[in-house]
1. Full-extension gain between R41 and A206, please, as 0.36 nm times their residue separation minus the C-alpha to C-alpha distance.
2. Below 19 Å, Cα to Cα, which aspartates and glutamates can K197 reach? Residues fewer than 8 away in the same chain don't count.
3. Once phi is turned into θ = phi - 60°, what whole-Hz ³J(HN,Hα) does the Karplus curve with 6.51, -1.76 and 1.60 give for every residue of the stretch 121-133, x standing for Gly and Pro?
4. How many percent of Cα pairs in the stretch 60-133 exceed 22 Å?
5. Which of the lysines could a cross-linker span from K83 if the Cα-Cα distance has to be under 27 Å and same-chain partners fewer than 8 positions apart are dropped?
6. Fully extended, how many nm does the chain gain between K65 and V24 (0.36 nm per residue separation, minus their Cα-Cα distance)?
7. Go ahead and run the numbers for FRET between A169 and N145, Cβ-Cβ distance against an R0 of 30 Å, rounding to 0.05.
Amino acid sequence: MILDRFKRINQSVNAELIGDDEVVTFEDLVLDDETGKPKKRGGWARFNSNQVDSSGTIRDLHDVKDIAGTNFLIAGINGKLRKSSDGTGTWSDVSTKGSPPYRMEAYADSLIFTDGSVAPFIVSGTAFATVTDLEIAPMDVSSVNTGHQTGGSLEANAQYKWIFCYVTAEGELSPPSQPITHRISLGTVSTTDASIKQVGFENLPASIPLLFRLGIFLLEKNL
């Protein structure tokens, strides 16, 4: 039942004096999705007989659509985020990051979740199968090699520790990488020329065009 002639709630006069398009109270009604007019709230139906998880209590529940327009329920329960596609009645894990209840914001076909402690993470893609951290993680420098050559102005016979970060145009830095150590030692087989005061790097992580550039910083020098 839709109240086609509804105009407003009027509690300022006696109920016997209100117009045909007014009501005194607005109970057990919702707005129709197509017309925007008030209608009687429908009854409740059981979603399915399957448990969201083997135990525990649902701490938060979200009714959302993925990029393909498929409806999903996403629930926070037992230290994880779980999903159920419309009509399937089955549940599967989305992520185990953080702990419910989660706060959620929808943005550009993606859902951003956080529990207020872990870094926010993005749930996106078809069937919400892609989970990525919103925070930029420290870059992997395990494949970076160092070398030295003639030129430069670094002090010889010293050990240098370098770290790598992503840097925004505003100068904001990502979490730093693990330090990389390189030693310039005079009088050794590898370095015999006092003019060798320049360090080079290869296999560096790539910058992210338009967003971040690669920054290399001297963390420590030991003579």
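No value in this document is a laboratory result; all are computed from the given coordinates. Owing to the predicted nature of the structure, the values given are computational and were not obtained by experimental measurement. As a convention, Cβ positions derive from the backbone with ideal geometry for all residues, glycine included, and neighbour counts pool all protein chains shown.
1. Fully extending the segment from R41 to A206 adds 53.9 nm.
2. In chain and number order, the partners are E155, E220.
3. 10, 9, 10, 8, x, 5, 6, 6, 8, 10, 10, 9, 6
4. Working: 296 of 2701 pairs.
When all Cα pairs of the stretch 60-133 are counted, 11 percent exceed 22 Å.
5. Hits, sequence-local ones excluded: K65, K97.
6. Extra length available between K65 and V24 comes to 11.1 nm.
7. Values: r = 29 Å, r/R0 = 0.96.
It comes out at approximately 0.55.
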